[in-house]
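The values are calculated or read from the model by the stated rules, or taken from the named source; none is laboratory data. Everything numeric here is computed off the predicted structure, so don't read it as measured data. Note that each Cβ is placed from the backbone with ideal geometry, even for glycine, and that neighbours are counted across all protein chains shown. Heads up: the accessible areas ignore ligands, DNA and RNA and are worked out on the full protein's heavy atoms, side chains in. Shrake-Rupley method; radii C 1.70, N 1.55, O 1.52, S 1.80 Å.
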Amino acid sequence: MVTIKNFFSLIVVLLLTVPNVKADTQFRLIVDASGSMLISDPDKLTSESLKLISNLAPEERASLGVWLFGERPRVLLPEAMVNPSTKQRLNNAVEDYVPGDLKTDLESIIRMLLQTPDDVGLAPEFDRHWILVTDGMVDVSLDEKVNEASRQRIMTDLASALSERGIHLHTVSMSNYTDKELLQSVSTLTNATHTEVASPEALLDTFDRIFSQAAPSEEVPFEDNHFFIDEAIEEATLLVFHKEGLTPTITQPSGQPLNMSASNVSVAKAAHYTLVTITKPKVGTWEVKDVDLERSNVRVITKLSAQATKIAPVIFVNEPIYSTVGLFQDRELIKDTEFLDLIDVTQRLNLLSGESETELFKQSVGIANSQFKNKVDKLTDTGNYELISEVDGKTFVRKLSQFFSVVDPIKVTAQSQDGGLVMISAKPTNMRLNSLRSNARLIMTFKDGSEEQVEMPLLGEGYWQKIFPVPPNDAVTAYVRLIGITRTGVRFEYSSDVWTLSRQGAERVQVQQGRDSSLVALSSAAAVNRDLMPVVVTPQISVVTEEEIEEQAESEAAAAPEKINTEDDNQTDVDTLVTDEATLDKTDWLFYAVLNGAGLLIVGGGYFIFHRIRKKRKQQEINDSDV
């Protein structure tokens, strides 16, 4: 009897002493189940990509669920903590489902997921990364007005709800027929990426990049088909892509093939990729064969690490990026100048487009204040980018890959109004733009070549708007020039696309995006005024001086020494913490309240004065009649 009591006492002690491990990342995968997906993805690369996320996600540290949408939303895999059981259930689920729905009801699945509770063990400050894969457009009815109404609700109400809850909705287009404007708008607002894949095979690379954004990690680079493991590396994970049916070969420094069934090796294999994790890998040069090296990578966990300031998931056109790389030994920033003088840091910037990459620059980075600092300028092309930092320490190498999107900071629309009026609106595409500190001006060029600049009022809703008349039988080109300030105090300038506004007689104004080539006078004026067209410039990289560092630091918040920041964006120092709120603070709300209150006072005051004047006139009329 005593033995039984002791046994149960031991069980209680063990349960009480087990750490309460909670997931810090939530992955919700949303897959289009319409019949057209059979054509867009005949080899079911979507299913393989879902497996890739489950294989990459750390067990018991991330949650995973899969939903389908088409005519109706439904659950394919209930959300659960990632573990061997979840992975097996996912493998079974993705093999069984067959796309065949006739409609594409995107609104319903987003509403369903917003209402689906987080019923697994998640840490208080966990990250939400949802991935949506589709090959179609909003298609819920034969009536296009019904489809457009659903589309607008997604872009406004639902996108705002996602953003307010801190949900990153990454969107992936599987064909050229998707609603790019819709998907990109929602992703930009939620600090996520939109990717158009050129082929189903590129879907695997896209999911790998999205995971890298959600859970950044260090890598060691490939040199030809080799990579080097040093003594500080405790674990290495190889993700190698290969042709279907091929088995890659991994050779250890001793020249012996890696034993895939060894106790320190775990393997996850799919048709087009193999994931191998090695605990305490042998020191030396390893070799891989029969793999696609350009797409493959080696993630590592190490005591000697390179860390970089986090880049915001969404960067605005022309916004500079301040990048700093620091070296850490057991989480302590290395400041030994003799050691750092032996280190070479190189950065490369790639523009990602489908399956291709365009290298925009490659340059060495100088050292300042025991860290390697630079500033990247003139990112004028929108799209997805990868900033690669490679650290060569002679006896060790490290690689950091950071993915981000460059977007227009504002979306400008022009709408014709009654009475020959036009309403120009400029709305922020992402809440990183500090509307209260930014300034928007409307630049108009008239038919005779003259130019006029007017300030655009900031409305209480947080966007700029200007209403102005277009004279009869006249034409005007207009665009918005923005002096933008981000919430971390970074300044940049941006010029929007041009709108042509023409009016025949007393008719309504005709609105057209771009210049009307038939307007010769406007064309010649535009040739003189270069501000009417943004100039595309190759990105530049430069070492950040101490003066620039100080100027940038003045616009940022208080610091915490020798700690890498994983929450905030576009900082100067790797050991500086900056608070970058994505929501309106008290000052913002107070400003909007005062702004709206002032408007009400003006309207009310005007009405009061008008009422008094009218009353006096009536009294005067009465007095005159009496006389």
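Please turn the phi angles of the range 292-303 into ³J(HN,Hα) values with the Karplus equation 6.51 cos²θ - 1.76 cosθ + 1.60 (θ = phi - 60°), one per residue in order, whole Hz, x for glycine and proline.
Residue by residue, the range 292-303 yields 8, 5, 5, 9, 8, 8, 10, 8, 9, 10, 8, 7 Hz.
Got a sec to turn the phi values of the range 52-59 into Karplus ³J(HN,Hα) couplings, 6.51 cos²θ - 1.76 cosθ + 1.60 with θ = phi - 60°, whole Hz, x for Gly and Pro?
Computed from phi, the couplings for the range 52-59 are 4, 4, 5, 6, 6, 5, x, 5 Hz.
How much length is gained on full extension from Asp119 to Ala506, taking 0.36 nm per residue of separation minus their Cα-Cα distance?
Length gained, Asp119 through Ala506: 133.2 nm.
Taking amide H positions as placed 1.01 Å from N in the peptide plane, with prolines and chain starts having none, which residues 5 or more places from Ile410, or on another chain, fall under 5 Å of its amide H?
Thr429
Between Glu181 and Glu287, what is the spin-label point distance in nm, taking each point 7 Å from the Cα along the Cα→C-beta axis?
Roughly 5.6 nm, to one decimal.
If the only charges are +1 at each Lys and Arg Cβ and -1 at each Asp and Glu Cβ, what is the size of the charge dipole of the range 313-357 around the Cα centre, to the nearest 20 debye?
On the way: 3 positive and 9 negative charges, 36 e Å.
Roughly 180 debye, rounded to the nearest 20.
In the neighborhood of Gln252, defined by Cβ-to-Cβ distances under 12 Å, what is the net charge if each Lys or Arg adds +1 and each Asp or Glu adds -1?
Numbers: positive: Lys282; negative: Glu287.
Result for the neighbourhood of Gln252: 0.
Taking the simple approach of a point 7 Å from Cα along Cα-to-Cβ for both Lys243 and Met112, what is their distance in nm?
With each label point 7 Å from Cα toward Cβ, the separation is 4.0 nm.
Magnitude of the Cβ-charge dipole of the range 362-491, K/R +1 and D/E -1, about the Cα centre, nearest 20 debye? Numbers along the way, then the final one.
Values: 17 positive and 13 negative charges, 168 e Å.
My answer is approximately 800 debye.
Whenever you get a sec, compute what percent of the accessible area on the range 345-421 sits on carbon and sulfur atoms (1.4 Å probe).
Numbers: 1210 of 2990 Å².
C and S atoms contribute 40 percent here.
Sequence-distant or interchain residues sharing an amide H contact under 5 Å with Val498, placed H: which?
Residues meeting the criterion, in which the H sits 1.01 Å from N, are Gly514.
What is the range 216-273's relative contact order, in percent, from Cα pairs under 8 angstrom and six or more apart in sequence?
Computed value for the range 216-273: 30 percent relative contact order.
Quick check for you: with a 1.4 Å probe and neighbouring chains kept, what is the accessible area per residue of the range 193-286, in Å²? Before the final figure, lay out the partial values.
Details: 4050 Å² over 94 residues.
Counting only protein heavy atoms, the per-residue value for the range 193-286 is 43 Å².
Measure off 7 Å from each Cα along the Cα-to-Cβ vector at Glu59 and Thr251, then give the distance between these two points in nanometres to one decimal.
It works out to 3.1 nm between the two label points.
Search the structure for amide H atoms under 5 Å from the amide H of Glu218, placed 1.01 Å from N in the peptide plane, and list their residues when 5 or more places away or on another chain.
Val300
Counting only C-alpha contacts under 8 Å and six or more residues apart, can you give the relative contact order of the range 402-457 as a whole percent? Please list the in-between numbers first.
Numbers: 52 pairs, mean separation 12.7, N = 56.
Rounded, it is 23 percent for the range 402-457.
What percent do you get for the relative contact order of the range 247-302 when only Cα pairs under 8 Å and 6+ apart count? Please report the intermediate quantities before stating the final value.
On the way: 55 pairs, mean separation 22.3, N = 56.
Relative contact order, the range 247-302: 40 percent.
In the full protein assembly as shown, how much of Met112 is accessible to a 1.4 Å probe, in Å² to the nearest 10?
Looks like 50 Å² after rounding.
Tell me, what ³J(HN,Hα) does each residue in the range 245-261 have, in order and in whole Hz, if you take phi through Karplus 6.51 cos²θ - 1.76 cosθ + 1.60 with θ = phi - 60° and put x for Gly and Pro?
Working through the residues one at a time gives x, 7, 10, x, 10, 10, 10, 6, x, 6, x, 8, x, 5, 7, 5, 9 Hz.
Arranged from highest to lowest average of other beta-carbon atoms within 10 Å per residue, in what order do the peptides 138-150, 46-58 appear? All intermediate terms of the calculation are to be shown ahead of the outcome.
Working: 138-150: 14.1, 46-58: 21.8.
Per-residue Cβ counts within 10 Å, averaged per peptide and sorted highest first, yield 46-58, 138-150.
List the trypsin sites (Lys or Arg not before Pro) within the range 310-352 that fall in a DSSP loop (any state other than H, G, I, E or B) and whose Cβ has at most 13 other Cβ atoms within 10 Å. Please report the intermediate quantities before stating the final value.
Working: sites: Lys310, Arg331, Lys335, Arg348; in loops: Lys310, Arg331, Lys335.
Answer in residue order: Arg331, Lys335.
Of all DSSP beta bridges in the range 27-110, what percent run antiparallel (nearest 5)? Walk me through the intermediate numbers first.
On the way: 5 of 12 bridges.
Around 40 percent of the beta bridges assigned by DSSP in the range 27-110 are antiparallel ones.
What is the range 120-239 by shape, rounded, prolate or oblate, if you read a ≥ b ≥ c off the alpha carbon gyration tensor as root eigenvalues and call it rounded for a/c under 1.5, prolate for a/b larger than b/c, and oblate otherwise?
Values: a/c = 3.75, a/b = 1.81, b/c = 2.07.
Oblate.
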